[in-house]
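> Here's a structure for you.
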Amino acid sequence: MSRPFRSTRVVLCVALLLVVAGAASAQAPVSYRLTFPAPEHHWMQVEATFPDAGRTPLHVYMSRTSPGRYALHEFAKNVYDVQAFDGAGQPLAAVHSQPYEWDVQSGDGTVKVSYRVYGDRVDGTYLAVDTTHAHINMPAALMWAGGLDMRPIRVEFVPPAGSHWKVATQLHPTADPFVFTAGNLQYLMDSPAEFGTFLLRTFTEGGRTFRIALHEQGTAAEADAFAADVHKIVRQEGAVYGEFPDYEPGTYTFLSDYLPWADFDGMEHRNSTVMTFRGSLGNPEQRIEILNTVAHEFFHCWNVERIRPAGLEPFSFLHLNMASSLWLAEGFTSYYQTVFMQRAGLATMADTAQAYERVVNAVTNGSGRQVRTAEQMSQMAPYIDGGQPIDRTNWSRTVISYYTWGDAIGLALDLSLRERSNGRLTLDDFMRAMWRKYGKPGGPAEGLVGHPYTIDEARETLGEVAGDPAFANEFFRRYIQGHDVPDYRTLLSAAGLIVRPIHPGRAWIGNVRLDFSGDGADVDALTPYGSPVYEAGIDEDDTILSIDGRKMTSERALASVLAAHKPGDRVPVMFVHRDGQKVSATIALAADPRLEIVPVEKTGKTLTAAEQAFRESWLGPKH
Ligand SMILES: [Zn+2]
C-alpha cells in the first residue's frame, strides 16, 4: 500500500520542503467542485480533478483520521457512486483496492474522480448536509491523491438552486465568493467550511480580525451579545501571550452551529474552530457551556495548532498519530478554559471552585492513576477518542482522561509557580515561553509546524522559566511521568480555597455503581482498584446479598450499615458471582475520600488580604 504521508514525514529538512513546495506551486492546482443536487437527502456531489497526476496508477484516498481527533473514523464508509475519467472525459478504471483507497490508471495525465458522499451529523468531525446548510469537515468529504500533497488546491462551492447560501471558512478567499484556495493538502484538510445562511459578526482585537459565523435559530440581539462575550474571551487569551498568531487568511473564524439537531463538539484548527451544540444561546445554562467551548477552542490557536506536540506533526490522514503530551495540549487548554471564563467575567469564584473540585477529585481518587501516568493516558487517545469499543474494556478503572488529568496538572503547576516565586512567575510565563520557542517561528509551509515540541523540551522550557531545572525535573518525574498527586490542599489555600472531605469520618465501600432493583445490589460497573469492594473480591456482574448481615435491598440499607460503622471497621459481606457461586468475605471499610473545594468566605472565615490578592492576580481580568 502506498503511504504518501510517510514520505512527507521523513522530509523534515526545512530547505528541502521549501524546494518541494516551490516546485509544486508551479504545477496546476488540484481542484474540487462541490454541488448539492438534493440537500434534503443529505448528500453532496464531489468532482475532484487531479491534473498532471504523474505516476500511474494514481492512488486516491478518503481520509481515516481528522485533525484534532485522535482515533480512526474510516470516512470512506459514506462514499458511493465513485467514477473516474481522464482529461477528455473518457471513463477510467478505478480499482477499490483498500477500504479507503481507489487506484486509477490515468490515460492522459489528468484524473477526474466524481462521487457522492452522505453526511448527516453536525459536529466538528463529520459531514452534514441538509436544507439549511452544508457543514463540511474536509477529511469526511474530500478524496485526495497520494504524491500530490504539496500541490495548491482550489475549492468551488456551488449553492443549491434558489438558495442564499454563502461560505465561512479559513480557506483563502478569491475574487469569486464561492471559490477558495489552500496552499497544500494539510491546510485544506484543516479547513472546515460552513456553507449556508449564517449570521456574521466581526470584531477586531490586537490588530487581528475575528469573525463569528453563527448558524442558529435565535435572534440578532442574542448574536450580538454572544459576539461581545466571545470578544471578552479573545482579549483575555491574547493577554497570556501578549500577541495573536499571524492568521494565514488574515482572519480567525468561529464556525458556530447551535441547532436542535447538532451534536456537541468543539474542534480546533489553525485559523478557525468548529463549535456545535444541541441547544441555543437563548438558554442561559447552554450559553455558558457554549462560551466554555469558545474559551477552550480559541486557546488551541496557540496551544496545539502552533505550539504543537511531537507525534501530531505531520498529521497523517491514513494512520494514527500518537502524542505523549496531550495532558499539556488538551489538559492545559481545559485548565485555561476555566481560568478565562473567570478572567472574562463570565464565571464566579464558586463556578471556578466547582470546576477544580471536579478535576482534583478525578485525579486524586481516580484508580487509573495507580496503573498509568499522565503521559501514558495521553498515549491512550487513539483508542479512547473513538468512543466505546464493541468489547468490554476496563478503562473506567484504568483511564483518567488526559483532559481532566492535564487540567489538574495545569492547576498545580500554575499555583506552584506562583507560590515559589511570590507571584512573579505563572503558567502564563510558561505558555509564552513555549509560544516563542515552538509556536511563533512557524513552519515550512502553511498548515505545517516547523518545530513540534517533545516532552523533554517542555520540561526544559519549564526549567528555564522557573530558573530552576531541578524543580521542572521533579515536577515532571512525579506528576507527569509518575503516579504522584500534587498537594492541592496547600496549593489552593494560598487563594483562600479550602480543600476538605465532603463527608468527613464517613465509612465507605468504594465508588461502585449498584442497582437495587433485583434480589440484592447488582454491581453495574467495574470496581476501582484498591477500593474496599475491589479488595473484597467483588466486581462487575456480581450481586451483593448482604453487608454486616443486613440484606442489600436498597440504597437506604447500605447507608444504615455504613452509618453504624467507622472507617477501618471490617465487616462480613455475602455476594454471588454471575455463575451462581456464592462467596462469603470480609470488607474493610475506608474513609470516604471525596473532596470538596470551597471558597474560604463560604466557610464562616474571612478571606485575607493576601488570599484576595493571590486570587486577583490569578483569576482577575488581564488588560
Ligand atoms: Zn481541545
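> For segment 36-76, which residues satisfy the criterion of being within 30 Å of PRO309 (Cα to Cα) and among the charged types (D, E, K, R)?
ARG64, ARG69, GLU74
> Take the residues of segment 401-414 that are aliphatic (A, V, I, L, M) and within 16 Å of the ligand (Cβ to nearest atom): which is surrounded by the fewest Cβ atoms within 10 Å (Cβ to Cβ)?
Taking the candidates together, the pick is ILE409.
> I'd like the full set of residues that are touching a residue at least 60 places away in the same chain (Cβ under 8 Å) and either more than 28 Å from the chain's Cα centre (by Cα) or within 25 Å of LEU619 (Cα to Cα) (or both), limited to segment 481-492.
VAL485, PRO486, TYR488, LEU491, LEU492
> Looking only at segment 415-433, count every residue that is open to solvent by less than 10 Å² (accessible area, probe 1.4 Å) and either within 16 Å of the ligand (Cβ to nearest atom) or among the basic types (Lys, Arg) (or both) and tell me the total.
Here the count works out to 2.
> Just checking, does segment 512-531 include any residue being in the same structural domain as GLN612 (by TED's automatic domain parsing) and in contact with a Ser or Thr (Cβ under 7 Å, 6 or more places away or on another chain)?
No, because not a single residue in segment 512-531 is in the same structural domain as GLN612 (by TED's automatic domain parsing) and in contact with a Ser or Thr (Cβ under 7 Å, 6 or more places away or on another chain).
> Restricting to segment 298-312, give me the number of residues that are within 16 Å of the ligand (Cβ to nearest atom) and either open to solvent by 10 Å² or more (accessible area, probe 1.4 Å) or part of a loop (DSSP other than H, G, I, E, B) (or both).
So the answer is 9.
> Follow-up. Being of a type in the set (D, E, K, R) and either buried (at least 19 other Cβ atoms within 10 Å of the Cβ) or modelled with pLDDT under 95 (or both) is the filter here; which residues of segment 346-371 pass it?
Within segment 346-371, GLU357, ARG369 qualify.
> Would you check if there is a residue in segment 449-457 being assigned to a loop (DSSP other than H, G, I, E, B), of a type in the set (A, V, I, L, M) and surrounded by fewer than 17 Cβ atoms within 10 Å (Cβ to Cβ)?
Within segment 449-457, not a single residue is assigned to a loop (DSSP other than H, G, I, E, B), of a type in the set (A, V, I, L, M) and surrounded by fewer than 17 Cβ atoms within 10 Å (Cβ to Cβ).
> Among the residues of segment 62-75, write down those that are on the phi < 0 side of the Ramachandran plot and either within 16 Å of the ligand (Cβ to nearest atom) or buried (at least 22 other Cβ atoms within 10 Å of the Cβ) (or both).
MET62, SER63, THR65, SER66, PRO67, ARG69, TYR70, ALA71, PHE75, listed by residue number.
> Output the strands (runs of 3 or more DSSP E) that fall wholly within segment 157-197 and possess 3 or more residues being in contact with a His (Cβ under 8 Å, 6 or more places away or on another chain), or say none.
Result: 179-182, 193-196.
> While we're looking at this one, here's another question. Which residue, of GLU289, GLU268, is within 16 Å of the ligand (Cβ to nearest atom) and in contact (Cβ under 8 Å) with a residue 40 or more places away in the chain?
From the options GLU289, GLU268, the qualifying one is GLU268.
> Can you name the condition, by its number, that PHE254 falls short on among (1) over 28 Å from GLN379 (Cα atoms); (2) more than 16 Å from the ligand (Cβ to nearest atom); (3) open to solvent by less than 20 Å² (accessible area, probe 1.4 Å)?
With (1) over 28 Å from GLN379 (Cα atoms); (2) more than 16 Å from the ligand (Cβ to nearest atom); (3) open to solvent by less than 20 Å² (accessible area, probe 1.4 Å) applied to PHE254, the lone miss is (2).
> Quick one: count up the residues across segment 513-541 that are closer than 17 Å to VAL363 by Cα and among the hydrophobic types (A, V, I, L, M, F, W, C).
Residues meeting the conditions: 0.
> Turning to a different aspect of this structure: Residues to consider are ALA76, ALA21, ALA15; find the one that is at pLDDT 95 or above and part of a helix (DSSP H, G or I).
Only one candidate qualifies: ALA76.
> Given the options THR348, THR338, name the one that is farther than 20 Å from ALA213 by Cα, polar (S, T, N, Q), touching a residue at least 40 places away in the same chain (Cβ under 8 Å) and assigned by TED's automatic domain parsing to the domain that holds PHE476.
Just one listed residue meets the conditions, THR338.
> A further question on this structure: Identify, from the list GLY423, GLY406, GLY443, GLY410, the residue that is touching a residue at least 12 places away in the same chain (Cβ under 8 Å) and in a loop (DSSP other than H, G, I, E, B).
GLY423
> Also, quick follow-up: Could you tell me which numbered condition MET322 fails, if it satisfies all but one of (1) open to solvent by 20 Å² or more (accessible area, probe 1.4 Å); (2) of a type outside the set (S, T, N, Q); (3) within 16 Å of the ligand (Cβ to nearest atom)?
(3)
> Only one of THR276, THR202 is within 16 Å of the ligand (Cβ to nearest atom) and assigned to a strand (DSSP E or B). Can you tell me which?
Sole residue among the options that is within 16 Å of the ligand (Cβ to nearest atom) and assigned to a strand (DSSP E or B): THR276.
The values are calculated or read from the model by the stated rules, or taken from the named source; none is laboratory data. It should be emphasised that the depicted structure is a prediction, and the values quoted were computed from it without experimental measurement. Please note: Cβ atoms are built from the backbone with ideal geometry, for glycine as well, and neighbour counts cover all protein chains shown. These area figures cover heavy atoms from the full protein model, side chains too; ligands, DNA and RNA do not enter into them. Shrake-Rupley method; radii C 1.70, N 1.55, O 1.52, S 1.80 Å.
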